[in-house]
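Note sheet for the following structure.
The values are calculated or read from the model by the stated rules, or taken from the named source; none is laboratory data. This structure is a prediction, so every number in the text was calculated from the model and none was measured. Here Cβ is always computed from backbone atoms with ideal geometry, including for glycine, and neighbour counts include all displayed protein chains. These accessible areas exclude ligands, DNA and RNA; they are computed on the full protein's heavy atoms, side chains included. Shrake-Rupley method; radii C 1.70, N 1.55, O 1.52, S 1.80 Å.
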Amino acid sequence: TLAESCRLQSRLSCLCCFCIATPPAPDTFVLYSFRPISPPCPPARMISFDHVSKSFGDRHVLRDMSLEIPDGQTTVIIGFSGVGKSVALKHIVGLLEPDAGRVIVDGKTVGDLSHEELVEMRGTIGYVFQFAALFDSMTV
């Protein structure tokens, strides 16, 4: 299809530009985005955070976070320890659910997916956690 062709062309592009944000403050993180200079087609949204908030007790980790990452764009999250980088990534793969807002991956709201759909979606995403971060999401 045309959409698949656009995604393939976008992923094959070698010319990239990037935006550099201000260095992070102690309680924030910065996104560095790399994308083709002139993509052959308008990029489709691949990952969206729509006013996502997440707290652990009194600790607010994500507050009204909104972000759109188009298909074919590489995005890097950089920030100090404890500002929500891993928490944001765990929302993408459905290991955490937001207290408010929603996360959309490839047009599907992660919180609405069944267990089987989550497993299928996770099979299409590559992710590696720092140290033992995966295991803090599991019960024994």
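Of the residues examined, residue 20 is one that is modelled with pLDDT under 55, out of contact with any helix residue (DSSP H, G or I) (no Cβ under 9 Å at 6 or more places or on another chain) and among the aliphatic types (A, V, I, L, M). Residue count for segment 115-140 satisfying the condition of being loosely packed, with under 11 Cβ neighbours inside 10 Å and at pLDDT below 90: 11.
When residue 54 is tested against (1) within 11 Å of the chain's Cα centre (by Cα); (2) within 23 Å of residue 117 (Cβ to Cβ), just one condition goes unmet, and that condition is (1).
Counting only strands (runs of 3 or more DSSP E) wholly contained in segment 49-114, the ones carrying 3 or more residues that are open to solvent by 50 Å² or more (accessible area, probe 1.4 Å) occupy 59-70, 74-79.
Residue by residue, here is whether (1) among the hydrophobic types (A, V, I, L, M, F, W, C); (2) closer than 19 Å to residue 128 by Cα holds:
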| residue | (1), (2) |
| --- | --- |
| 74 | no, yes |
| 86 | no, yes |
| 96 | yes, yes |
| 109 | no, no |
| 112 | no, no |
